[in-house]
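The values are calculated or read from the model by the stated rules, or taken from the named source; none is laboratory data. These figures come from a predicted structure and were not determined experimentally. FYI the Cβ positions are ideal-geometry reconstructions off the backbone, even for glycines, and counts take in every protein chain you see.
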Amino acid sequence: MQMRDFVVRFAGEGGQGVVTSAEGLAQSSTQVGYHALTFATFPSQILGGPTWTQARISVDPVLAPGDDVNVLVAFNRDAYDEHEGDVREDGVVIFDSNEFELEGDSRSFGLPFEELAKSTGNNRAANMVIMGALAHLINMPQENLISFVEQRFTRGRNEDAQIIKSNIEALNLGRSHIAESGFSLGELAPPEMPEYKQVMIKGNEAVSLGAMAAGLDFYAGYPISPATPILLYMERNLVGENRLAYQVSSEIEAITAIIGAGYAGKRAMTATSGPGVSLMSEGLGLAWIAEIPLVVVNVQRGGPATGLPTKTEQSDLFSCMYPAHGDVKMPIIAAGTVEECFYGAAKAVEWAERYQGPVILMSEMALAERVQNIRKPDLSAVKDAKRVVYSGNNGYLRYAGSELSPMPIPGNPGAYVANGSEHDDMGDTTHLGERHVQMTERRFGKIKLLEENEYESDQTENSIAVLPWGGSKGPAQEAYAQLKESGLPVSWYYTMFLNPLPPKMLEELKKKDLVIVPELNYQGQFSSILRSMGVKAESITQYTGLPFKARTLVEKITEMTNASLKEMVRV
Amino acid sequence: MSKKNPEYDFKWCPGCGDFGVRRAIEFAMIGRLEETGLPMENNVVVAGIGCSGNLVHLLEGDQPYGIHGIHGRSLPIALGVKMAQPNLNVMVVAGDGDFLSIGGEHIAPQAARNLNICAVIMDNGVYGLTKGQSSPTTLQGAITSSTPFGKLETKTNPLELYLTLGVSFIASGFSGQPRPLSQLIRQGMEHSGFSIVHVQSPCTTYNDTFIELKGDLANGIQPALWDIPEDHDPSDRAAAHELLQQGGVPVGVLYNDTSRISLDEAVVGTWEKAKPKSVEQLLGAFEF
């Protein structure tokens with residue numbers, strides 16, 4: 001039988017080409033019509049340190065990194081020892097025989113990566129040696145790879161032809177050497193090239209472009225893993241007249257600078273990770289009480305304080321939804337796929353302007369660094385973010401009433417004080433109880449303006465539901481598809497709008513006997529919030545710094561469903 | 001607040017120095033309006049937290065825009081406003097506690113950026129609103145509500161600090177002289193870069209220094225205030241340092257470096273290197 005997908009893990013030392021190999025494989029595969037995504041985990045240091053990236057190549061679109069490894073490419077002995085156990089029984093290990101020798105592993109094959117590369121006269125072609133070997137293992141036609149090499153290295157330089165030639169030579173060397181091993185994984189089914197236009201993009205880039213598509217014109221940020229690529233992308237592209245991306249001195253400066261910019265009429269954003277959100281806490285409260293539009297992107301990493309800066313986790317939902325003292329509850333969009341990174345960011349900017357306040361977009365390490373082929377985002381589907389602007393005379397009461405009111409922009413009539421203290425109609429400080437009641441209700445009431453109706457659902461007649469959030473959508477979707485086929489009576493719900501939840505979805509969830517929430521944190525943060533809203537939710541938790549495996553979710557969901565069904569029968 | 005607001009019940013204590021600073025800022029903003037014709041709503045006053053920050057609610061006459069934000073963060077808020085709309089006149093009003101203690105980390109970066117705003121600092125050497133705790137400009141050894149055995153730290157010299165950090169316009173003034181003070185603030189506003197007008201603005205309740213500042217010659221008290229001599233060259237950094245060695249409180253423009261460009265000008269300078277692309281073009285780069 002032909003394979004529908006396979007997973008290659010590249011493991012070694014930072015700087016050995018682990019990431020570029022995986023991304024190169026993903027890229028070359030998508031160019032010939034496969035679907036691909038990568039999963040990366042890095043050491044938190046500039047050079048060296050154990051690192052690995054895996055690429056999943058598939059005939060059908062997939063959203064999860066893949067449970068098992070078909071091929072391990074080990075750049076050194078440590079990498080082999082560390083990852084060999086994750087390789088499927090029928091899998092293959094390719095190792096760099098320039099680095100180490102292996103005895104007694106019948107499914108492993110040594111290739112002298114560097115030596116073969118050098119023999120082509122191109123020291124940098126080691127990746128191509130590996131790619132050639134992989135192509136042999138899955139019986140990928142040579143012309144696919146050649147067209148990839150030609151595209152990649154045609155850059156209008158004099159030496160292009162020579163580089164292309166040496167790379168193709170390296171491909172052939174990898175292919176012919178591994179042929180000696182007699183190993184084969186079978187044949188990967190031929191690709192089914194999608195008919196729509198595609199882009200190959202990472203989550204962080206998709207966030208940047210989504211925000212810009214909605215009209216973002218001001219960005220302030222501070223470097224922090226894994227959100228830094230957004231800052232770098234913005235600094236290169238959010239440029240020119242009336243736009244600015246700028247590195248400030250801290251996350252406190254980032255949040256307060258975008259408060260100033262949002263107040264002055266700009267569609268403003270910053271991106272950070274957990275530690276930055278903690279520092280932005282007071283500023284988020286100010287944006288909330290003073291009603292200033294802005295977006296904070298939290299690319300989550302693991303753990304409190306410095307925690308696990310280069311691992312993935314979904315443990316910031318509490319700190320994003322309730323970041324500040326006093327009564328606040330932030331509107332939250334949590335992207336679950338690279339595509340949702342784009343549309344979620346666009347929506348976050350639009351939300352902020354729509355309700356005049358702070359919005360949090362949650363992403364996570366595994367999405368941020370994932371490179372994936374997605375349908376090219378449809379810019380015509382993105383709403384230009386617009387706020388209701390005041391256009392009357394001076395003497396305006398900016399905060400009058402209990403509903404959203406037009407916002408004056410400095411430089412124009414309608415001067416007022418945007419006040420972080422509780423305030424009256426004109427923005428002056430007040431301590432009157434009835435004012436605090438009015439203003440608190442005004443602020444919470446505005447969230448209603450953000451209610452959306454879109455959400456995913458399937459087999460809704462079942463009384464037990466699976467509801468992942470964020471990046472756990474990928475493995476959960478894969479698990480759900482298997483469970484559905486096996487006939488387990490569960491329904492599927494998913495939305496990227498965590499606050500406010502789509503009202504109709506919330507109504508349906510409240511009627512369920514059990515809502516199972518797979519999430520990467522210890523406390524079961526989303527299910528805890530759902531329970532406070534009257535949903536009988538329970539989490540499947542994991543806090544290893546890695547995403548769920550679909551297999552784990554299949555087991556746990558089956559277990560919980562059966563236990564719950566049994567319980568119901570007994571009652 | 002252009003007229004009495006029945007809900008807003010904040011009051012400065014009788015004789016508070018901040019009254020004079022408010023008057024000086026009003027004079028300066030009206031002066032700007034008269035000279036440039038730009039309306040009052042072209043001004044944005046970003047206030048710190050403390051007695052001084054309430055100035056933004058107490059301005060009389062035509063109202064500028066204001067932000068009364070969170071403690072210590074007036075500078076980066078002003079950074080956002082100014083860089084969003086460089087044509088606005090952006091001012092910061094804050095006290096010594098807000099600006100030099102909790103907000104101290106923001107002075108150096110704005111100095112390095114030469115952010116084109118004017119900060120008016122009301123220094124009363126004490127935390128007034130929280131009732132009399134020691135601040136960075138409280139004298140060493142002073143007994144305050146938070147230093148029952150005397151303040152352990154030395155007094156920060158803000159003018160030395162600004163000079164060292166590279167603030168490009170530094171003036172020192174006194175709240176008891178609103179007209180001359182307003183001239184310093186006007187100069188600070190017109191300065192193309194980061195300007196700080198540091199004002200002695202005594203707290204009559206917790207740290208009344210009026211007599212020390214003005215002196216009382218009948219009782220043998222020499223005034224701490226002294227005018228910076230007319231022959232002082234404010235572009236001379238070494239001379240400014242030299243002046244500060246004399247002690248007391250100099251009044252006038254201490255330092256004025258007009259050779260540097262401001263952050264917004266520097267950004268304009270990047271436009272020729274940067275090549276703005278449409279989102280469609282940017283997205284196209286990822287297409288395959």
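Matching residues to (1) of a type in the set (K, R); (2) within 23 Å of A:S527 (Cβ to Cβ); (3) away from chain B (no Cβ under 14 Å):
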site: A:A220; (1), (2), (3): no, no, no
site: A:I224; (1), (2), (3): no, no, yes
site: A:I230; (1), (2), (3): no, no, no
site: A:Y263; (1), (2), (3): no, no, no
site: A:K266; (1), (2), (3): yes, no, no
site: A:A271; (1), (2), (3): no, no, yes
site: A:P275; (1), (2), (3): no, no, yes
site: A:M280; (1), (2), (3): no, no, no
site: A:W288; (1), (2), (3): no, no, no
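From the list A:G276, A:G262, A:G203, pick out the single residue that is at pLDDT 95 or above, farther than 25 Å from B:P276 by Cα and buried (at least 24 other Cβ atoms within 10 Å of the Cβ).
Values: A:G262 fails: farther than 25 Å from B:P276 by Cα; A:G203 fails: farther than 25 Å from B:P276 by Cα.
Exactly one of A:G276, A:G262, A:G203 is at pLDDT 95 or above, farther than 25 Å from B:P276 by Cα and buried (at least 24 other Cβ atoms within 10 Å of the Cβ), namely A:G276.
Looking at the stretch B:77-112, which of the residues that are charged (D, E, K, R) and either buried (at least 24 other Cβ atoms within 10 Å of the Cβ) or farther than 30 Å from B:G269 by Cα (or both) is nearest to the other protein chains (Cβ to nearest Cβ)? Full working, then the answer.
Going residue by residue through the stretch B:77-112, those that are charged (D, E, K, R) are B:82, B:96, B:98, B:105.
Filter once more, keeping what is either buried (at least 24 other Cβ atoms within 10 Å of the Cβ) or farther than 30 Å from B:G269 by Cα (or both): B:82, B:96, B:98.
Numbers: B:K82: 8, B:D96: 20, B:D98: 13 Å.
Across the stretch B:77-112, the extreme among qualifying residues is B:K82.
Are there any helices (runs of 4 or more DSSP H) wholly within the stretch B:194-288 with 2 or more residues that are more than 30 Å from A:K202 (Cα to Cα), within 14 Å of another protein chain (Cβ to nearest Cβ) and of a type in the set (D, E, K, R), and if so which? Explain how you work it out, then say what you get.
Details: elements: B:210-214, B:237-244, B:263-270, B:279-284.
Correct list: B:263-270.
Out of (1) under 16 Å from the mean Cα position of the chain (by Cα); (2) under 22 Å from B:A24 (Cα atoms), the odd one out for B:G128 is which?
In the conditions (1) under 16 Å from the mean Cα position of the chain (by Cα); (2) under 22 Å from B:A24 (Cα atoms), B:G128 misses (1) alone.
Among (1) within 25 Å of A:G33 (Cβ to Cβ); (2) at pLDDT 90 or above, there is one condition A:A161 misses while meeting the rest; what is its number?
(1)
What is the number of the single condition among (1) without any contact (Cβ under 8 Å) to a residue 24 or more places away in the chain; (2) crowded, with 22+ Cβ neighbours inside 10 Å; (3) more than 7 Å from every other protein chain (Cβ to nearest Cβ) that B:S74 does not meet?
(1)
Take A:Y343 and tell me if it is surrounded by fewer than 23 Cβ atoms within 10 Å (Cβ to Cβ), modelled with pLDDT of 95 or more and either farther than 28 Å from A:A40 by Cβ or assigned by TED's automatic domain parsing to the domain that holds A:L404 (or both).
Working: surrounded by fewer than 23 Cβ atoms within 10 Å (Cβ to Cβ): yes; modelled with pLDDT of 95 or more: yes; either farther than 28 Å from A:A40 by Cβ or assigned by TED's automatic domain parsing to the domain that holds A:L404 (or both): no.
No.
Just checking, does the stretch A:200-215 include any residue being outside any helix (DSSP H, G or I) and in contact with a Leu (Cβ under 7 Å, 6 or more places away or on another chain)?
Initially, the stretch A:200-215 is screened for residues outside any helix (DSSP H, G or I), giving A:200-202, A:214-215.
Next, from what is left, pick out any that are in contact with a Leu (Cβ under 7 Å, 6 or more places away or on another chain): none.
No, there is no match, as no residue in the stretch A:200-215 is outside any helix (DSSP H, G or I) and in contact with a Leu (Cβ under 7 Å, 6 or more places away or on another chain).
Output the residues belonging to the stretch A:510-535 that are touching a residue at least 24 places away in the same chain (Cβ under 8 Å), surrounded by 17 or more Cβ atoms within 10 Å (Cβ to Cβ) and part of a loop (DSSP other than H, G, I, E, B).
Within the stretch A:510-535, A:K512, A:L520, A:N521, A:V535 qualify.
Of all the residues that make up the stretch A:39-61, how many are in contact (Cβ under 8 Å) with a residue 60 or more places away in the chain and in contact with a Pro (Cβ under 8 Å, 6 or more places away or on another chain)?
Of the residues in that region, 4 qualify.
Any idea which residue in the stretch B:37-70 is nearest to the chain's Cα centre (by Cα), counting only those that are within 10 Å of chain A (Cβ to nearest Cβ) and part of a helix (DSSP H, G or I)?
Keep residues of the stretch B:37-70 that are within 10 Å of chain A (Cβ to nearest Cβ), which gives B:38-47, B:49, B:53-54, B:56-59, B:62-70.
Going one step further and asking which of them are part of a helix (DSSP H, G or I), we end up with B:40-42, B:53-54, B:56-58.
Numbers: B:M40: 19, B:E41: 20, B:N42: 19, B:G53: 11, B:N54: 14, B:V56: 13, B:H57: 17, B:L58: 17 Å.
Filtering the stretch B:37-70 for residues that are within 10 Å of chain A (Cβ to nearest Cβ) and part of a helix (DSSP H, G or I), the one nearest to the chain's Cα centre (by Cα) comes out as B:G53.
Name the residue, out of A:V73, A:V7, that is part of a strand (DSSP E or B), more than 14 Å from every other protein chain (Cβ to nearest Cβ) and surrounded by fewer than 24 Cβ atoms within 10 Å (Cβ to Cβ).
Working: A:V73 fails: surrounded by fewer than 24 Cβ atoms within 10 Å (Cβ to Cβ).
The match here is A:V7.
Just checking, how many residues over the stretch B:233-260 are hydrophobic (A, V, I, L, M, F, W, C) and exposed (fewer than 14 other Cβ atoms within 10 Å of the Cβ)? Steps first, please.
Step one: filter the stretch B:233-260 for residues hydrophobic (A, V, I, L, M, F, W, C), giving B:238-240, B:243-244, B:249, B:251, B:253-254.
Pick out the ones that are also exposed (fewer than 14 other Cβ atoms within 10 Å of the Cβ) and you get B:238.
Going through the stretch B:233-260 one residue at a time, the tally reaches 1.
Each row is one residue, and each column tells you yes or no for (1) within 27 Å of the chain's Cα centre (by Cα); (2) crowded, with 17+ Cβ neighbours inside 10 Å; (3) among the basic types (K, R).
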{"position": "A:F42", "(1), (2), (3)": "yes, yes, no"}
{"position": "A:Q54", "(1), (2), (3)": "yes, yes, no"}
{"position": "A:D81", "(1), (2), (3)": "no, no, no"}
{"position": "A:V92", "(1), (2), (3)": "no, yes, no"}
